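Shown next, in structure tokens, is the structure this report addresses.
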Amino acid sequence: MMSFGAGLFLAFLVVQRLSELVIARRNTARLMTAGAQEVAPGHYPLIVALHTAWIVSLIVFGYGAAIHPVWLGLFALLQVLRVWILATLGARWTTRIIVTQTPLVVAGPYRWVRHPNYLLVIAEIFVAPMVLGLWQVALIFSVLNALVLSIRIRAENAALRPLGGAAPN
């Protein structure tokens, strides 16, 4: 039987990710209507497949798991960073590589880190399974995520190089 805490945690993850997809689609549509262009969409299905498999793995293997409070606290801190990143990018935040002719974002965490959203995702891919004691899931998906992000970041940096920097994503 799933523990109540694990159920709440998993429900939070699912609702959060689905909400973000709604926000990303809305922002992407607005950006494209305003003349932005999507770059290197070929790897996007890999990202969707990876994140879907990650969440399914958490649900399947996290069933009945106890919550590890230290990891949950770290996950909560990551959510503060998530809100900061989303607030900084506002309507420019999306899950795709969308290039506009506007200046790159250099406020908030982008002041110090080139790809704070990717650092956040790297941390979440590892930390969320650890909340449920699933170190194998954390390890496997961290490696898979690193492979996919290596493709993504190279494509994004190449697309944004003419604009003077790396992506605000």
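Rounded to the nearest 0.05, what FRET efficiency is calculated for residue 63 and residue 40 with R0 set to 22 Å and r the Cβ-Cβ distance?
0.05
Compute the angle between helix 135-160 and the longest alpha-carbon principal axis of the chain, please, reported from 0 to 90 degrees and rounded to the nearest 10.
0
Defining a contact as two alpha carbons under 8 Å apart and six or more residues distant in sequence, what relative contact order in percent does the chain show?
Numbers: 183 pairs, mean separation 54.4, N = 169.
Here the relative contact order equals 32 percent.
For percent of Cα pairs over 26 Å apart, the choices are (1) 54; (2) 29; (3) 37; which was calculated from the structure?
(2)
If a paramagnetic tag sat 7 Å from the Cα of residue 24 along the Cα-Cβ line, which residues of the range 47-88 would have the backbone N under 16 Å from that point?
Label zone hits: 47-56, 82-83, 85-87.
Considering only 44, 108, 62, whose Cα is most displaced toward the positive end of the charge dipole of the range 1-141, charges sitting on Cβ of Lys, Arg (+1) and Asp, Glu (-1)?
The Cα lying farthest towards the positive end belongs to 108.
Just subtract the alpha-carbon distance of residue 32 and residue 150 from 0.36 nm times their residue separation and send over the number in nm, one decimal.
Gain in length upon complete extension: 40.0 nm.
To the nearest 20 debye, what charge dipole does the chain have about its Cα centre, counting +1 at the Cβ of each Lys and Arg and -1 at the Cβ of each Asp and Glu?
Value, rounded to 20: 420 debye.
Using the Karplus curve 6.51 cos²θ - 1.76 cosθ + 1.60 with θ = phi - 60°, what ³J(HN,Hα) values do you get for each residue of the range 53-59, in whole Hz, with x for Gly and Pro?
Listing the rounded values in order: 5, 4, 5, 4, 4, 4, 5 Hz.
Bear in mind these aren't lab numbers, they're just calculated from the coordinates by the rules spelled out. Note that this is a predicted model, so its numbers are computed, not measured. Reconstructed Cβ throughout: ideal geometry from the backbone, glycine too, with neighbour counts over all protein chains shown.
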